[in-house]
Each structure stands twice: as structure tokens, then as C-alpha cells.
1. In nm, to one decimal, how far is the modelled label at ALA74 from the one at SER53, with both set 7 Å along Cα→Cβ?
2. Do any trypsin sites (Lys or Arg not before Pro) in segment 46-91 lie in a DSSP loop with no more than 14 other beta carbon atoms within 10 Å, and if so, which?
3. Report the Stokes-Einstein translational diffusion coefficient (µm² s⁻¹, integer) for segment 32-102, Rh taken as the Kirkwood radius over Cα pairs, at 4 °C with viscosity 1.567 mPa s.
4. Take every Cα-Cα pair in the chain and report what % of them are more than 21 Å apart.
5. What nm value, rounded to one decimal, do you get for the distance between ASP61 and ARG110 when each label is placed 7 Å out toward the C-beta?
6. In whole Hz and in residue order, list the ³J(HN,Hα) couplings for segment 102-108 that follow from phi through the Karplus curve 6.51 cos²θ - 1.76 cosθ + 1.60, θ = phi - 60°; x for Gly and Pro.
7. Mind checking which of SER25, SER70, SER62 has the largest fluctuation in a GNM of the chain, springs on alpha carbons under 10 Å?
8. Using R₀ = 22 Å, calculate the FRET efficiency as 1/(1 + (r/R₀)^6) where r is the Cβ-Cβ separation of ALA40 and ARG19; round to 0.05.
Amino acid sequence: QVQLVESGGGLVQPGGSLRLSCATSGSIFKFYTGGWHRQAPGKQRELVAVITSGGVTNFADSVKGRFTISRDNAKNTVYLQMNSLKPEDTAVYYCSVGVGGTSKPYTPGRWGQGTQVTVSS
């Protein structure tokens, strides 16, 4: 069974940057889409970014131009680079592995435990 472990969260000032990593177990990651969601207190979980097995990416409008998603299939890892962070980016960030993300909606199959990102001065 695929397991996902996130790292890289923390406290950062507005305008700062963080890089989240999600390490997946096993060698099947390269065949699947990787994704990042986030959930702020009192709000629903929302999709932030996905990257397909072919490297196609999609982003939520709220993070376009500030966040990038990438993957290293040799390391079975997906990354989320977050720049120009805003207080409204504060949330628990969850990585996932699933299918879809381009012509079909992204459907996560496995989730990580989440990592807290807090943007505050």
C-alpha cells in the first residue's frame, strides 16, 4: 500500500517562501498524478495543484504565478514550491496520489498526513 509523508511546513513571514516535499513509498508513483490540497480552519479542503505522470500541471487560480509543482520520479517525490506567500495561504497542506488532472478531474487515491503552513508576521 502506498504511503505518503509530507515535510517542509512551518512558519514564514508574508512574502516569504517554503518548499513542501511529499515522499511516496514504492515505485509506482511515476504512473500516477501527484497533487496538493490545503485546508484552512473552518473551510473545506481545496485542490491547490496537480502534476500528471506526463508532467502536465494545473493550479488553483488563487496560487497561479506564485506556486509551482514538480516531481522527481527517481525519488518517488512530489514538491510544492510556494513563493510570495500570503496570510490567506495559511492551512494544513496535504499531498496525494491519484488519477486524472487534465481532461478528467483529479481523483486522489492516497493521502499524506498533512503539514502545517502558517504565514504570519
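Read-outs throughout are calculated quantities, based only on the coordinates presented, and are distinct from any laboratory measurement. Since the model is a prediction, treat every value here as computed from it, not as a measurement. Don't worry about glycine lacking a Cβ; one is built from the backbone with ideal geometry, like all the others, and counts go over all protein chains shown.
1. 2.1 nm
2. Sites meeting the loop and neighbour criteria: LYS64.
3. Here the translational diffusion coefficient equals 104 µm²/s.
4. Here the long-distance tail beyond 21 Å is 31 percent of all Cα pairs in the chain.
5. Taking the two extended label points, one gets 3.4 nm.
6. 10, 6, 10, x, 6, 10, x
7. Judging by the Gaussian network model, the answer is SER62.
8. Computed FRET efficiency for ALA40 and ARG19 comes out at 0.65.
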